Structures are given as structure tokens and as C-alpha cells.
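These notes concern the structure reproduced below.
The values are calculated or read from the model by the stated rules, or taken from the named source; none is laboratory data. Remember, predicted model here, so these are calculated numbers, not experimental data. Every residue, glycine as well, gets a Cβ built from its backbone with ideal geometry; the counts of neighbours run over all protein chains shown.
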Amino acid sequence: MTTLVFGHKSPDTDSTGSPIIWAWYMTEVLGNPAEPRLLGEPNTEAAFMLTRWSLDKPVIISQVSAADKVVLVDTNNPAELPAGINDADITAIIDHHKLVGGLETKGPIDITIRPLACTATIMHDLMGADAAKMPEAIKGAMLSCILSDTLEFRSPTTTDHDRALAERLAEELGITIADYAAEMFAAKSDVSEFSDAELLRMDSKEYAVSGTKFRVSVLETTSPKMILDRKASLMSAMETVAAEDGVDQVLLFVVDILNEEATLLVPNDLVRRLAENSFATVCGDGDTVVLPGIMSRKKQIIPNLAL
């Protein structure tokens, strides 16, 4: 029986590349047939990775059933997974986020959750000596995942282990990290083809603060002006997206990769209060607030959210 390997909804580079990496390992090394899947269209950076390394885009699915055998990567949060996930036969979880709870399994499973910046780094460790068997395209996907999740080592989630692996992979591939990361971030920054609603959902996670439900959206870019020039229409679209997605408010953090700061859009008093309580800042009457040093949703944004 073929195992389906997938990550979270709104797939970024790690949630696109890691299923491909692990499906390759299960099939080619362990001899257990597996196929990668996506839970939505990959973002522009992930699409660049697929093209750059001549990787097929995984099939997109919206639900799973009791007949499906699955491995979850880059998430353990039921809110980020397809309908019917607790009916499926979950056989393993490989992740680098905090344990959320709410998943049910049909029996004991392998769970690996480690405090590293990238799921792909964990996969390399789990492969052990077999990692040497990775073809160039799989190595390229792994390098892409690490550079994306660490923002080329700028993110506070970066560990020495992530960096050392990325540098080794780049050397084996004959790639200069700075040049390749610049190509990736340029691809990520080109959001001109996306609607406001698509941008607000592109890289987002649901999170509740004191009973208030938020969609916490992050757009990492080397061209923040391209997004901030659309702030009026983005703030207008927040109401529609919130209503359609069953949350109280959409939060949008525009992360400036090069200047290492985030700009939060402030459409109303709720977000203004949240910003001031969460990040020790003063918003004033403006519709944006700059948050110096804020780069990581996982480590700096979500853990600090307070009303």
C-alpha cells in the first residue's frame, strides 16, 4: 500500500520539499512505496524550487479517508491538515513545531519532533548514512527547505546544525548559498499575480488568543514595498477572509528579509491593542507598525501574542 506524505495547508518550501524528500527515502531506500502530496498550491518560492531542481509538483489533495496510510511532515496541528485526518492511518510524524495535540492514531507510531529550524534537517538526521544516496534533486530540495526556513540563517530559529548541513549540501551541489538564496527570495517576493485574499492565506496559521481567533499571516520578502503599496486593499480584504475562514481577525506581518524587521498592518483597534500588548510598541494612529528584529512567526510572533 502506498503511503501519502504531506505537510500543512498553504504549503511553503519546507512543506513542499519535505514530502518529496521523505517519499523518495521511503520508496528508494526503505522499499516502502510512498508519494508526496500537497494541501494547496505551493507558494512562489516553493514553485521556483520545483522548477530549479526539475521536481514534479505533487498532486494536491483536500481530504483523506480511513483507507489512506499517511506520514505527516512539518506539522502536527489538525487545523492545518485535511478533513478526515483522524480517520486516516497516520504512521509517522516528522516536525519541528511545538506539539499541539488533537490527532488520533490507530496504533503506536513514530514521532520525531526536534528543535531545529527545518523539517528537512531532521529528515537528514533520520536517514543517517543513507543520506549519501540522495540524488542531486533531493539534495537541492533539502538545501532549499533549510535556506527558506532559516531565511538564509537570519531567522532566530536557525541552529548551527541547520547551517552546517546547508553549507555541506551547497558544497556538494557546487552552489554559492548567497546567490542561490537571492534567487529563492526573489521568487518569493514576486506576489504580483496573487489576489489580496490569496496573499492573506498564502503563509498563514490559525491561532487563538484569549478566545479570539486569528489567522496569522506572514509574507517574507526582499521587496516589502510591493506588498505595503497594497495595504489599503489588503486591509479591506481582511474582513472577507476572516468571515470566510471562521476567524475574528487576520493579522498580516510583512517580514523584510534584508532589513530583518516586520511591518504589521493595523486596520483597527483590536490589532492596535494586540500589537502594543504583544511587542512592547506604540502604534499611534498609523495603519502600520514596524517591529525591529521580528522575523519568525514560530519563535517571535505567535508565542508573544497577547490581548
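Of all residues in region 43-61, those that are in contact with a Pro (Cβ under 8 Å, 6 or more places away or on another chain), modelled with pLDDT of 95 or more and in a loop (DSSP other than H, G, I, E, B) total 3.
Scanning region 19-42 for residues that are over 20 Å from Asp95 (Cα atoms) and either of a type in the set (D, E, K, R) or buried (at least 20 other Cβ atoms within 10 Å of the Cβ) (or both) returns Glu28, Glu41.
Is it the case that Ser62 is small (Gly, Ala, Ser) and in contact with a helix residue (DSSP H, G or I) (Cβ under 8 Å, 6 or more places away or on another chain)? Answer is no for this residue. The set of residues from region 107-124 being of a type outside the set (Gly, Ala, Ser), assigned to a loop (DSSP other than H, G, I, E, B) and more than 14 Å from the chain's Cα centre (by Cα) comprises Pro108, Ile109, Arg114, Pro115.
Touching a residue at least 24 places away in the same chain (Cβ under 8 Å) and either crowded, with 23+ Cβ neighbours inside 10 Å or within 16 Å of Ile146 (Cα to Cα) (or both): which single residue out of Thr16, Thr2 fits that description? Show your work before the answer.
Details: Thr2 fails: either crowded, with 23+ Cβ neighbours inside 10 Å or within 16 Å of Ile146 (Cα to Cα) (or both).
Answer to the check: Thr16.
Here Val218 qualifies as within 20 Å of the chain's Cα centre (by Cα) and closer than 18 Å to Leu252 by Cβ.
If the requirement is being polar (S, T, N, Q), at pLDDT 95 or above and under 18 Å from Ile301 (Cα atoms), which of these qualifies: Ser204, Ser148, Ser144?
Matching residue, one of Ser204, Ser148, Ser144: Ser148.
Could you tell me whether any residue of region 243-250 is farther than 15 Å from Lys213 by Cβ, crowded, with 22+ Cβ neighbours inside 10 Å and without any contact (Cβ under 8 Å) to a residue 60 or more places away in the chain? No, the conditions are met nowhere in region 243-250.
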